[in-house]
1. How do the peptides 153-164, 64-75 rank, highest first, by the average count of neighbouring beta carbon atoms within 10 Å per residue?
2. Multiply the residue separation of residue 170 and residue 65 by 0.36 nm, subtract the distance between their alpha-carbon atoms, and state the gained length in nm to one decimal.
3. Identify, among 36, 70, 48, the residue whose Cα sits farthest towards the positive end of the charge dipole of segment 12-82, taking +1 on the Cβ of Lys and Arg and -1 on the Cβ of Asp and Glu, with the dipole about the Cα centre.
4. Taking the Cα centre of the chain as origin and charging only Cβ (+1 Lys, Arg; -1 Asp, Glu), how large is the dipole, in debye to the nearest 20?
5. Have a look at 256, 16, 34 and tell me which one the Gaussian network model of the chain (Cα, springs below 10 Å) gives the largest fluctuation.
6. Of 168/264; 73/168; 30/193; 102/168; 30/168, which pairs sit farther than 30 Å apart, going by alpha carbon to alpha carbon?
7. Once you place label points 7 Å from the Cα toward the Cβ at residue 127 and residue 49, how far apart are they in nm?
8. In whole percent, how big is the carbon plus sulfur part of the accessible area of the chain, probe 1.4 Å, protein atoms only?
Amino acid sequence: MEVSVSGMNVLPESCVAVILSLTSPSDACKSSSVSTVFGSAADSDLVWDKFLPSDYHEIVSKACNTTFLFASKKQLYHLLCNPVLIADGKMSFQLDRPSGRKSYILSARQLSISSSNDPMFWTWKSIPESRFSEVAELISSSRLEINGNIRSKKLSPNTKYGAYLLLKITERAYGLDLIPSETSIEIGNQSFKNTAYLRCQDDKKQRLENLFYSNRKQMMKSRVVKGDDRVMSRREDGWMEMELGEFFNGESDEEVKMSLMEIKGHQLKGGVIVEGIEIRPKA
């Protein structure tokens, strides 16, 4: 039996609020224009407390250089839909506004980057376009090995996630696409492996490298696992991203391991700036 809007209006506001709390943040916002009863219920703390993550108290308490001023749970929800630095500024947290699902970005300092503390190979610096205080730039090395991990309980349960390496390619970049990098994600019994090229911005330089090293590229490519040979895509925030893989996050607490490695080509490379790894819900 269908219930009309007029029929719903005779319900107490608290009942309407309970019903709306079982929908989504997007649906709750849309319903507020139905009637005054719906509008009042859609703004209630009962509804938005259900949409906030269960650990929001911990997230708010660990926020860096941010004072949360809010008069309702709805206001707090919308505040958390903007990036919030946590963990001493080494991580960024954000809610997906329509669904309330959680996203994180692990800064380069939260990652394990091979030889990153050796100034011969890597340099740590601040750049204005980064959301974090430091990024890591590869000077020169024949090995590129980046690993990150996060506990699955920090993420939204029963949600499909993707992991993305955030980076920039400098004008002096070289040796990045002679052999594909190997990417992987592991969580529980899930394992995702693929290949990806760190393409240079300078197409002319890339064509010259292809011309002089085409035979070597084919030989070295045979050393890595077979994959899609993905390339980077440009983000709205000006960074490039490389998808490392995807996974389904259930309700158990497990470690999510993410990596990008190019250690088989023995080819000197440089000119990569690493900002971090983003873990965000997929549609």
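1. Numbers: 153-164: 18.1, 64-75: 12.3.
In decreasing order of mean packing, 153-164, 64-75 become 153-164, 64-75.
2. Working: separation 105, 0.36 × 105 = 37.80 nm, distance 3.03 nm.
Between residue 170 and residue 65, full extension yields an extra 34.8 nm.
3. 70
4. Numbers: 37 positive and 36 negative charges, 186 e Å.
Roughly 900 debye, rounded to the nearest 20.
5. Result: 34 has the largest fluctuation of those listed.
6. Working: 168/264 22 Å; 73/168 37 Å; 30/193 40 Å; 102/168 25 Å; 30/168 39 Å.
Violating the 30 Å Cα-Cα cut-off are 73/168; 30/193; 30/168.
7. The answer from the label model is 4.5 nm.
8. Details: 7330 of 14380 Å².
The value for the chain is 51 percent carbon and sulfur by accessible area.
The values are calculated or read from the model by the stated rules, or taken from the named source; none is laboratory data. All values derive from a computational prediction rather than experimental measurement. Please note: Cβ atoms are built from the backbone with ideal geometry, for glycine as well, and neighbour counts cover all protein chains shown. Please note that ligands, DNA and RNA were not included when accessible areas were found on the heavy atoms of the full protein model with its side chains. Shrake-Rupley method; radii C 1.70, N 1.55, O 1.52, S 1.80 Å.
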